[in-house]
Amino acid sequence: MGDGLPTPEERRRQVSALVSRCPDAERGLLRWRLYEATPGDRWDTVAGDAVKVRCAVCWRLRSRKHVHGEVNERPVATCQHPRCRRLWREARAHEAAKHEAAKAAFLAAFQASAALEVLRG
């Protein structure tokens, strides 16, 4: 790449190892950490947007169209490479279980609080 960054294939191997070895307690933060670790570029703040122009997995520069494209109203953080997308989805899958557990705990706490309010009545 010429700028001291690993090649996209080297970076994909590194991310694959991270995804497979990430402890359960930290999996909810894995995608955020990958995104934050993505090197910046001079175009990252075009029009006031703080959107990374590099793929969060392989660090390859992405096209402006791809950077500002959205899927289901969510910014896309990876390039078009199938392995990058698969690794990003795997990290999200680990994250989903934590979200569901947090949601269940919140609902249980809310229901307990509502039950107390009814009893106080």
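Quick check on Ala108: is it modelled with pLDDT of 80 or more, exposed (fewer than 11 other Cβ atoms within 10 Å of the Cβ) and out of contact with any Pro (no Cβ under 8 Å at 6 or more places or on another chain)?
yes
Scan segment 71-97 and report the pairs whose first residue is within 14 Å of Trp32 (Cβ to Cβ) and whose second residue is small (Gly, Ala, Ser) and modelled with pLDDT under 85, with Cβ atoms within less than 7 Å and a gap of 6+ or a chain change.
From segment 71-97, the pairs are Glu95/Gly28.
Just to verify a result, which residue in segment 36-70, among those that are more than 16 Å from the chain's Cα centre (by Cα) and modelled with pLDDT of 85 or more, is surrounded by the most Cβ atoms within 10 Å (Cβ to Cβ)?
Arg62
So which residues in segment 71-82 are modelled with pLDDT under 80 and part of a loop (DSSP other than H, G, I, E, B), if there are any at all?
Asn72, Glu73, Val76
Among the residues of segment 25-35 satisfying the criterion of being over 15 Å from Pro6 (Cα atoms) and modelled with pLDDT of 75 or more, which is most open to solvent (accessible area, probe 1.4 Å)? Lay out the reasoning, then the answer.
Narrowing segment 25-35 to residues over 15 Å from Pro6 (Cα atoms): 25-33, 35.
This time we only want the ones that are modelled with pLDDT of 75 or more, so: 26, 29-33, 35.
Details: Glu26: 75, Leu29: 85, Leu30: 11, Arg31: 46, Trp32: 150, Arg33: 100, Tyr35: 58 Å².
The qualifying residue most open to solvent (accessible area, probe 1.4 Å) is Trp32.
The values are calculated or read from the model by the stated rules, or taken from the named source; none is laboratory data. It should be emphasised that the depicted structure is a prediction, and the values quoted were computed from it without experimental measurement. Every residue, glycine among them, receives a Cβ derived from its backbone with ideal geometry; neighbour counts consider all protein chains shown. Ligands, DNA and RNA are stripped out before the accessible areas are found, and what is left, the full protein with its side chains, is counted by its heavy atoms. Shrake-Rupley method; radii C 1.70, N 1.55, O 1.52, S 1.80 Å.
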